[in-house]
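Only the coordinates and a few stated rules stand behind these numbers; no lab work does. Predicted model only: the values in this text are computed from it and were never measured. Please note: Cβ atoms are built from the backbone with ideal geometry, for glycine as well, and neighbour counts cover all protein chains shown.
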Amino acid sequence: MDLTPEQDAAVRKWAAEGESVGEIRRRIKDEFGIPCTFLETRLYLIDHTVDMVDKSAPAEKEKPAEEPAPAEAEDAPAAGGVSVSADTVVPPGALAAGTATFSDGETGRWYLDNYGRMGFESFSKPGYRPSPGDMELFKQRLMELLQSRGLM
């Protein structure tokens, strides 16, 4: 789907206002006259890194940002710190996805598929494997993050 810069700006505004992917798809069709599917709209949002805002649960959006910071600060001296963040737009076939930063500064892209299987799709350094201690902290942080979003 190709949109003009003005149309792209309107889509970004709608997403920032908390419109759902379905509502954005409908508005693209109604206001721009561009027929598109839900999947085409979702892929456009992903490809153009459009940040989606969930207007139905603003309190939940604030809690994850506040809660992980103190927990990471508490664990940082003892374990070197592991942080986990989730993407706002989830790739197709995944329940959740995001980035993990390990105690040695290396990062990895993680995902949780629709069957509940967790994995890494890539790391910042080829062949990198986190330490067993970092993996335990990662699992704890991931569970906290998923629970705060109501996914577990």
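Between beta-carbons, use under 13 Å as the cut-off and find the net charge around MET118, counting Lys and Arg +1, Asp and Glu -1. Charge balance near MET118 sits at +2. Summing Lys and Arg as +1 and Asp and Glu as -1 over all other residues whose Cβ lies under 15 Å from the Cβ of CYS36 gives a net charge of -3. Taken along the Cα-to-beta-carbon direction at a fixed 7 Å, the label points for PHE123 and THR107 span 1.6 nm. Listed peptides 113-124, 35-46 appear in the order 35-46, 113-124 once ranked by packing, highest mean of other Cβ atoms within 10 Å at the front. Straightening the chain between GLU17 and GLU136 buys 39.1 nm, computed as 0.36 nm per residue apart minus the Cα-Cα spacing.
Summed over all non-identical Cα pairs, the Kirkwood treatment of the stretch 5-47 gives a radius of 10.1 Å.
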